[in-house]
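Read-outs throughout are calculated quantities, based only on the coordinates presented, and are distinct from any laboratory measurement. Keep in mind the model is a prediction, meaning the values are calculated, not measured. Cβ atoms come from the backbone with ideal geometry, glycine included; neighbour counts cover every protein chain shown.
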Amino acid sequence: MLFAENHILMNLTATTQEELIRQMVQQAANLGKVTHVNEVVESVLKREAMSSTGFGKGIAIPHGQTDAVLEPTLWVGKTNNQIEWNALDAKPVQIAFLILVPATAQSEHLNILAQLARRLMHDEFVESIHGATSTKELMNILAQELV
């Protein structure tokens, strides 16, 4: 399943990009979606080093492709901290949409990224996800828009 309620992590304590990505990838591992946490984190950070995935509006869309990912999945991490992400608008990030796909799923990876980016262009959608205070509330917002 690409996205489910247990793919949403609220009130994270991460203070850096790597911490936030690692916390989200660990959840993916806990749910059996990835086989090697470090390999997946390294894949995402390697992609991040090429160019920032800081979308703007307090949101980042980190993503990675590796054989350590068993199936395409989308994760949402909402941190209580402001994380410097080198975003397009130079503002810190509090929400990350992490896209993880197997190395062979290039087209699915691009489809997920495009769909998410289109929705994030709408300020009303962005405001609603920033305002969500519970996993259930955020899932309801995202289910209407993404699934």
Checklist line | Among [x] 34, 33, 33; [y] 36, 29, 28; [z] 65, 32, 28, the entry that matches Cα extents along the principal axes in Å as calculated here | finding: [y]
Next item on the list: Take every Cα pair under 8 Å in the chain that's 6+ residues apart, average their separations, divide by the length, and report that relative contact order as a whole percent.
Entry: 25 percent
Margin query: With the crude spin-label approximation of a point 7 Å out along Cα→Cβ, what separation in nm comes out for Lys136 versus Thr104?
Written below: 4.0 nm
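So what is the 222 nm mean residue ellipticity for the chain from helices alone, if each DSSP H run of at least 4 adds -39500 (n - 2.57) and you divide by all residues, rounding to the nearest 500 deg cm²/dmol? Spell out each step's value before the answer.
Values: 5 runs with 63 residues, N = 147.
Computed ellipticity for the chain at 222 nm equals -13500 deg cm²/dmol.
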Notebook entry, point to check: Fully extended, how many nm does the chain gain between Glu5 and Arg47 (0.36 nm per residue separation, minus their Cα-Cα distance)?
Noted result: 12.5 nm
